[in-house]
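Read-outs: derived from the displayed coordinates by stated rules, not from any lab. Because the structure is a prediction, the values reported are computed rather than measured. With ideal geometry, Cβ positions are generated from the backbone for all residues, glycine too; neighbour counts draw on all protein chains shown.
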Amino acid sequence: EDVEEEEVEELLGPSPLAVGPGAQRLAVVHPAVKWGPKKSPLTTAELQIAEAVALVDTLPNWTVLDKIIIPTKNPDKKFVFGKGNFQALTEKIKKLPHVTAVFLNVERISSLTKKELEDAWGVKVFDRYTVVLHIFRCNARTKEAKLQIALAEIPLLRSNLKNEVSRLDQQRGGSRYIMGSGETFMETQNRILKEKELKIRNALEKLRRKRSLLRTQRRKREFPIISVMGYTNCGKTTLIKALTGEAGLQPRDQLFATLDITAHAGYLPSHMAVIYVDTIGFLTDLPHNLVESFSATLEEVVYSDLIVHVRDITHPETILQKATVLSVLKNLNLPSRLLDSMVEVHNKVDLIERYKPTEENALAISALRGHGLEELKEEIEKKILIATGKKILTVNVNLQGPQLSWLYKEATVQEVEVMPEDGTARVKVIIGNSAFGRYKSLFPNSKIFMP
């Protein structure tokens, strides 16, 4: 165990990509594609830059000095913008007081473009990948989340290495072998990265096996598992707090406040105990490698009995956010029963007057004010009974025998009606299939009444 700890610590050493803890004063620049295949039909440049600003606002000591929307035909070219726009933008950035960085709101820029832009503007340049990764770093608490971040950095380190090598080659005319080893600098560094990636994947696999062991133990106890999912900052943690009454849960009004899977116990109207799982939030254009790195965190969802999809119905892009969440869920290869039985929750309805969901079967709630929570719990219970095959039934037990205490331990006892005249009781229970099988074989003479 100690050796493993040391290995993991070594893999989690300081990252060459880390932005550093200091304050940053940023210009947020959004390249707006006005037409063509790169234009997003579901959103506007103003909403996209607002989300970029919201990302920056989650970081301590980071402030936005200015937000600039500049049109471009092709955001993939070297300088992102056309010549005239690029010049105007450069002048604007240079005039900003004490600016330390520019956040260019594109998924990812090549390290070559990054270097050119930094030379032109004289400050650091970040893309969405770098900023989201930095937020992840600031929010990661568990070893698993930290390892997943280290894994997400590998592709960046690789592309940085390529550019570093081509720069060195230009300076000294052709690559040099390292001290007679027959390996070029590029090959050595690539090998080191490959080894590191393998070690991280192995460490994550060990943690996954540990989790799957815990999952098996949880399954044995037959607690239904409900995954609460949604776009980042839609109110998942607030909802779980409201459903479980768990005072220790501190929802934060920011993107990616939850990075690790956390589980919380709660009770449904029938007193059935369930486990609510709080998951990482989603984001549009979340860089692909990042989603890949966090798939281990999301794989818990595959093992749930029900998904509750929470939407912030007040958000101007709520439809795009729903599409984002559903597309990620589809890519997780979830069993179709999970996708078909999903409960859609429209949260924050206290902020909209007389809100009525247009989607069929969607439930309108306010997690903060407690509106609609009873209906939600009833809907969850109905779906959980179907998903888990649990039964609600009444059994006759002899109060002298061990049946009642057995039922309390192995099932959910809802009501006990004692018949003092003959020393028996009618007990209403919710019981899982395997526990029901054990009950019948242990107490073959017990009378069972199905509803």
In nm, spacing of pseudo-spin labels at Q87 and L12 (7 Å Cα→C-beta vector): 5.1
Rounded to whole Å, √(5λ) for the Cα gyration tensor eigenvalues of the range 350-451, largest first, gives 38, 15, 10
Give the lysines reachable from K447 as a straight Cα distance under 18 Å; neighbours fewer than 8 places away on the same chain don't count. K391, K428
List the residues, sorted by chain then number, that are 5 or more residues from A101 or on another chain and whose placed amide H is less than 5 Å from its amide H. R25, A27
Roughly what would the spin-label model give for C138 and K78, points 7 Å off Cα along C-beta, in nm? 3.4
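For the range 40-98, with only Lys/Arg (+1) and Asp/Glu (-1) charged at the beta-carbon, what is the dipole magnitude about the Cα centre, in debye rounded to 20?
Result for the range 40-98 is approximately 400 debye, rounded to the nearest 20.
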Out of every Cα-Cα pair in the range 1-136, what percent are more than 24 Å apart? 34
Once the Cβ-Cβ distance between I392 and S441 is put in as r, and R0 is 25 Å, what FRET efficiency do you end up with, to the nearest 0.05? 0.75
Relative packing of 10-21, 150-161, which averages over residues the other C-beta atoms within 10 Å, highest first: 150-161, 10-21
In nm, give the distance between the simple-model label positions of H271 and F185, each being 7 Å from the Cα along the Cα-to-Cβ direction. 7.2
Within the range 98-124: backbone nitrogen closer than 16 Å to the K162 label point (7 Å, Cα to C-beta): 108-116
Here is the link list: K210/K390; K236/K377; K78/K194; K67/K92; K73/K95. Which ones come out longer than 18 Å on Cα distance? K210/K390; K78/K194; K73/K95
